[in-house]
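Q: Structure incoming, see below.
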Amino acid sequence: MNSKDKSKEKELNICVGHRKRVKEKFLKAQIRTLPDYELIEMLLFNCYPRRDTKPKAKALLNKFGSIKALISADLETIKDMSEASDSLLYQIKLLQDIFSRLFLATEEHVNILSNWNAVLNYCNLTMGFQNCEIFRVLYLNKKNVLIHDEILQTGTVDRVAIYPREIAKKSLSYSASAIILVHNHPSGETSPSPEDIEITHKIIKALEPLSIVVHDHLIISKDKTFSFKNSGLI
């Protein structure tokens, strides 16, 4: 074994020892006691099996600003900003899907209007950090229990096409009695545009003959939420 190979072997042994210590520390720690970068570091273990992942973890945290922003970002943004491997993108998408399913499981058989903060947190986590506009519809039954959650359209950075007839058709197919409209503004400004207000009223008008209520239309950004209902627009 030449000196170069010995150096690589030594570096690998150090890496293995460090990972073992980090894992042991994590297993013994209380929830939310480890710093964010160590959680990201562990997330990267399987992505980079022969590298020290601490520098990469800290770099990701610095670029995105928070662990929430990293996990909530769309995959293309993560790839563009950090040259992420496919393995890392897989891990993050897996977490996104798990978080989404946890919310849906929590809201099963529960009046969603009585747990409004959970709805806002869910929408912020799944949409607030996306770099293109997304239009989502939450379909509710007569007891305001969530029966279906659907991303209806994905658009550009500042526009998404919405068709009231399609929402009416979907609402009927899911036997919904009410819906909540949600879309995001990647710009961070949550004030509704004239087009936002117009399409909301068109959707309400399309659903009125079907006795389907629009409870609210939410506009989501990274750190703000606008409610049409609370603002008196519906």
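Q: So, with +1 on the Cβ of K and R and -1 on the Cβ of D and E, and no other charges, what is the size of the charge dipole of the chain about its Cα centre, to the nearest 20 debye? Can you show the working numbers first?
A: On the way: 33 positive and 28 negative charges, 220 e Å.
For this selection, approximately 1060 debye.
Q: Whole-Hz Karplus ³J(HN,Hα) for region 116-126, in order, using 6.51 cos²θ - 1.76 cosθ + 1.60 and θ = phi - 60°, x for Gly and Pro?
A: So the J values, rounded to whole Hz, are 5, 4, 5, 5, 4, 5, 4, 5, 5, 5, 8.
Q: On to the next question. To the nearest 0.05, what FRET efficiency results for residue 63 and residue 169 with a Förster distance of 35 Å applied to their C-beta separation?
A: Efficiency for this residue pair is about 0.25.
Q: How large is ³J(HN,Hα), in whole Hz, for each residue of region 223-234 in order, when computed from phi with the Karplus curve 6.51 cos²θ - 1.76 cosθ + 1.60 and θ = phi - 60°, using x for Gly and Pro?
A: After applying 6.51 cos²θ - 1.76 cosθ + 1.60, I find 9, 9, 9, 10, 10, 4, 5, 5, 8, x, 8, 9 Hz.
Q: Just 209, 55, 186 to compare: in a GNM of the chain, with alpha carbon springs under 10 Å, which one fluctuates most?
A: 209
Q: Show me the ranking of peptides 110-120, 137-147 by mean Cβ neighbours inside 10 Å, starting with the highest.
A: Ranking the peptides 110-120, 137-147 by packing returns 137-147, 110-120.
Q: Also, I was wondering about something else. Could you work out how far apart the two model spin labels at residue 230 and residue 131 are, taking each label as a point 7 Å from the Cα in the direction of the beta carbon, and quote it in nm?
A: Between residue 230 and residue 131, the label points sit 2.9 nm apart.
Q: OK, next. Restricting things to alpha carbons, tell me how big region 43-160 is in terms of Rg and Dmax, in Å.
A: Every Cα atom of region 43-160 included, Rg and Dmax give 16.5, 54 Å.
Q: FRET efficiency for residue 83 and residue 141, Cβ-Cβ distance as r, R0 = 45 Å, nearest 0.05? Don't skip to the answer; put the middle values down first.
A: On the way: r = 45 Å, r/R0 = 1.00.
Working from the Cβ atoms, E equals 0.50.
Q: Take the Cα coordinates of the chain, assign each an equal point scatterer, and use the Debye formula without solvent to give log10 I(q)/I(0) at q = 0.08, 0.14 Å⁻¹.
A: -0.40, -0.93
Q: Given a cut-off of 23 Å, name the pairs among 58/222; 142/224; 63/222; 143/229; 56/224; 23/54 whose C-alpha atoms lie farther apart than that in the structure shown.
A: 142/224; 56/224
Q: Restricting to bridges with both residues inside the chain, how much of the DSSP beta-bridge set is antiparallel, in percent to the nearest 5?
A: Around 70 percent antiparallel, to the nearest 5.
Q: Turning to a different aspect of this structure: Determine how many Å³ per residue the convex hull of the Cα atoms of region 110-227 encloses. Let's see the in-between values first.
A: Values: hull volume 10.1 nm³, N = 118.
Enclosed volume per residue, from the Cα hull, is 85 Å³.
Q: Please list 3J(HN,Hα) in residue order for region 22-36, calculated via the Karplus relation 6.51 cos²θ - 1.76 cosθ + 1.60 where θ = phi - 60°; whole Hz, with x for glycine and proline.
A: 5, 5, 5, 4, 5, 5, 8, 6, 6, 4, 6, 9, 7, x, 4
Q: Please give the peptides 36-47, 188-199, 19-30 ranked by average Cβ packing (other Cβ atoms within 10 Å per residue), highest first, as a rough proxy for protection.
A: Per-residue Cβ counts within 10 Å, averaged per peptide and sorted highest first, yield 36-47, 188-199, 19-30.
Q: In nm, what is the difference between 0.36 nm times the number of residues separating residue 117 and residue 211 and their Cα-Cα distance?
A: 31.2 nm
Q: In terms of modelled amide H atoms, which long-range or inter-chain residues lie less than 5 Å from the amide H of residue 184?
A: Amide H neighbours of residue 184: 134, 220.
Q: Amide H neighbours of residue 153 under 5 Å, at least 5 residues apart or on other chains, H built in the peptide plane: list them.
A: Excluding prolines and chain starts, which carry no amide H, the hits are 135.
Q: Looking at the P(r) of region 3-99, how many percent of alpha-carbon pairs lie beyond 21 Å? Can you show the working numbers first?
A: Numbers: 1699 of 4656 pairs.
More than 21 Å apart: 36 percent of the Cα pairs in region 3-99.
No value in this document is a laboratory result; all are computed from the given coordinates. This structure is a prediction, so every number in the text was calculated from the model and none was measured. Positions of Cβ are backbone-derived with ideal geometry, glycine not excepted, and every protein chain shown enters the neighbour counts.
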